[in-house]
Each structure stands twice: as C-alpha cells, then as structure tokens.
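Some notes on the structure that comes next.
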Amino acid sequence: MKFRSGATRGAGALAASTIAALTVVGCGGGGGGGEVQPVPVTATVSGSVVKGAVAGATVCAYAIVGGVQSSGLGCTSTDAQGRYSFQVRADGAPVIIESVTNSGEYVDELSGTAVTPNSRLRSAQTLEAGATVTVMITPLTELAIRRALGAPTGLGDPSINDAMTLVARAFDTGDLRRTQPADPTAAGFAAASR
C-alpha cells in the first residue's frame, strides 16, 4: 500500500510537470505569427529656444544621474524661428534640455541687433518611451533649473516640478515648459497684431 501511494504521488507530479512544460512550449508569444515589434526607447522632444527666437542654437539633452546633470543624450540645432525637434533616449527619468552657450543668434528687443547668447538656457522634462513632448527653453525655465539645483535632493522630478511651478506663479504664467513665449521684437508684435 505504501509503495502504491508513493507511486501515485510521483505519477501526479510527473503529469503536472509535463502539462506545465507543454503549456510553456505552446506559448510562442507571437500573437498570430507576426513579427515582434521593438519597444520604443526614445521620446520626441520639440520646442523653442526663446530669448527672442534663438536661430541656429545647439540644443542638447543630458541625463540626470544622482541629482546632477550627467552624460549627453544627443543634440540638434534650432531653425530660423528658434524651433527644434529630436529623438532622445527615454526611460521615465527627467532629462535636461539645454541651449548651449555661445550658439545661435537672436534679435535684441532693445537695440534690434543680432546677439549671440552668452549664457546657458536650460529646461527639464521627464521622458517616457514613445512620448512626444514640448519643452520650451527660456530665461524663466533657466531660473527654475537654478532653483531646482539648490534643492537638498538635487535635480529630480520633485525639485524640478516644484521650481517650475514656483517660477510660473511668480511671473503669473502658464506651464513654463509648454507655453510658447511672445516674440518681444517689433516684428513679433506686428505679426501678433495682424
């Protein structure tokens, strides 16, 4: 009797193992025989560099590691209206989007002459794979980044979002990263009044 119940348990275990193995083998994962689609690992980032529209500026994305700006993720240039768009590695973490110092030109609103920006302008945004996001780069977003850098935790979603909200409230504006600033030049005002 003892032998028989042990054999029954062994046969049951063998049957369960066989069924499990066949179930795994039967799961081809193809979902109908089609090709496996790659998972997006980038996001499309677009926006404008505005201190007046900064044409021909180099715009680069940087990872944030340990609360500080880190390695470069790619660069592009702005068009004549200061607009840019490029693909950036996206893993759900915030990145810095920066208009590089001494690149591009904008028309100074007071003198009407072309000026090369002599200071960096930055913004930041969390990027999810496959997303398309708008990120404006302006003196106000730079102010918010500098505020976030002073946070005890360094750069990260909470400090960046808190700083963007604080600066937006201080200047009574909408979302700093999404709102296209007005063109402060005479030509910009003339175009807006049409």
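Over all Cα atoms in the stretch 61-144, the spread is summed up by Rg and Dmax: 13.8, 43 Å. Net charge in the neighbourhood of Thr116 (other residues with Cβ under 13 Å of its Cβ; Lys, Arg +1, Asp, Glu -1) is 0. Measure out, as a whole number of angstrom, how far apart the alpha-carbon centroids of the stretch 59-80 and the stretch 140-179 sit. Taking the Cα centre of the stretch 140-179 as reference, the centre of the stretch 59-80 is 17 Å away. These residues, Arg178, Arg147, go from largest to smallest accessible area, 1.4 Å probe, as Arg147, Arg178. Amide H to amide H distances under 5 Å link Ala90 with Thr42, Ala43, where only residues 5 or more positions off or on other chains count and H is placed in the peptide plane. Assuming charge only on the beta carbon of Lys and Arg (+1) and of Asp and Glu (-1), the dipole of the stretch 84-148 about its Cα centre is about 220 debye to the nearest 20. Neighbours of Val133 by Cβ distance under 15 Å: Lys/Arg scored +1, Asp/Glu scored -1, total 0.
The values are calculated or read from the model by the stated rules, or taken from the named source; none is laboratory data. This one's a predicted model, so the numbers in the text were calculated from it and none came from an experiment. Glycine also receives a Cβ, built like all others from the backbone with ideal geometry; neighbour counts cover every protein chain displayed. Calculation scope for accessible area: heavy atoms of the full protein, side chains included, ligands and nucleic acids excluded. Shrake-Rupley method; radii C 1.70, N 1.55, O 1.52, S 1.80 Å.
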